[in-house]
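This report refers to the structure that appears directly beneath it.
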Amino acid sequence: MSALGSLVAATLLISAGSLIGALTLFWQGAQGKKVLLLLVGLSAGALIGNAFLHLLPEAAESLESVLLFRIVLVSFIVFFLIEKVLHWRHCHEGVCPEHAFGTMNLIGDFVHNFIDGLILAATFAVDASLGWATAIAVAMHETPQEISDFGVLLYAGFSRGRALVWNFFVSLGVVFGGIIGWYAVEHVTDMVPLLLPIAAGGFLYIAASDLMPELRRETQFNTSALSFMMFLVGVAMMFFIG
């Protein structure tokens, strides 16, 4: 198989991992609602952990600290603006079928997946074995991320089927990033450091403004304790995957 064929195969396999969210189809009723809140805790921890433990440290290796923080700040503000526009568009008549932060999560996740595709393209261009090793690392990173992303979409009001379809579509960002990166590999090194803090700013905004407040509103001690533990699990997963 050619290097390009291996790259496409690897990115498609990683995208297929988004279908793991289908496991939540077995959760129904009160049990489903409880599991959903736990997934929100897991997602908040995973998003924050990913931003601080992966995206920002990697970007800091190539970008000046002042520029890095400014990009994160601008990204945070832009995601806030987009959410306000989406919220006004969907809710100005008093009907909010889906919370805007679900759409925000899809945007941030697509950017993140696109970056993974660019990184994979760069490694496959160097050596196929290095590319597959990187693909395995990306897959290990994406699996818990996809589970938490699916939970965010469900909590945002998406139906299970709609959440599954959109999560899979967004996961194809790694395929697009891989193909584009393959044909522009000489520019990938310059693009990735700028995209990383954009994704980080989006993830931090989603976790801090939408997910963690939902966890804070829970009043039952047992559920609150479990959701906080899942938050820590999300952070820990990002730490050990790193």
Carbon/sulfur accessible area of the stretch 149-242, % of total, 1.4 Å probe, equals 71
With a Förster distance of 25 angstrom and the Cβ-Cβ distance between S159 and L12, calculated FRET efficiency to the nearest 0.05 equals 0.50
For S129 and F169, extending 7 Å from Cα along the Cα-Cβ vector and measuring point to point gives, in nm, a value of 4.1
In order over the stretch 158-171: 3J(HN,Hα) from phi, Karplus 6.51/-1.76/1.60, θ = phi - 60°, whole Hz, x for each Gly or Pro, gives 5, 5, 4, x, 5, 4, 5, 5, 5, 5, 5, 4, 5, 5
Note: R217 to D190 extended length (0.36 nm per residue) minus current alpha-carbon separation gives 5.5 nm
Expressed in nanometres to one decimal, the distance between label points 7 Å along Cα→Cβ at V85 and M229 is 4.2
For the stretch 173-242, shape from the Cα gyration tensor axes a ≥ b ≥ c, cut at a/c of 1.5 then a/b versus b/c, turns out prolate
A chain fully extended from I136 to I179 at 0.36 nm per residue, minus the present Cα-Cα distance, gains in nm 13.7 nm
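The values are calculated or read from the model by the stated rules, or taken from the named source; none is laboratory data. Since we're looking at a predicted model, the values are computed, not measured. Note that we place each Cβ from the backbone using ideal geometry, even for glycine, and neighbour counts take in every protein chain shown. Heads up: the accessible areas ignore ligands, DNA and RNA and are worked out on the full protein's heavy atoms, side chains in. Shrake-Rupley method; radii C 1.70, N 1.55, O 1.52, S 1.80 Å.
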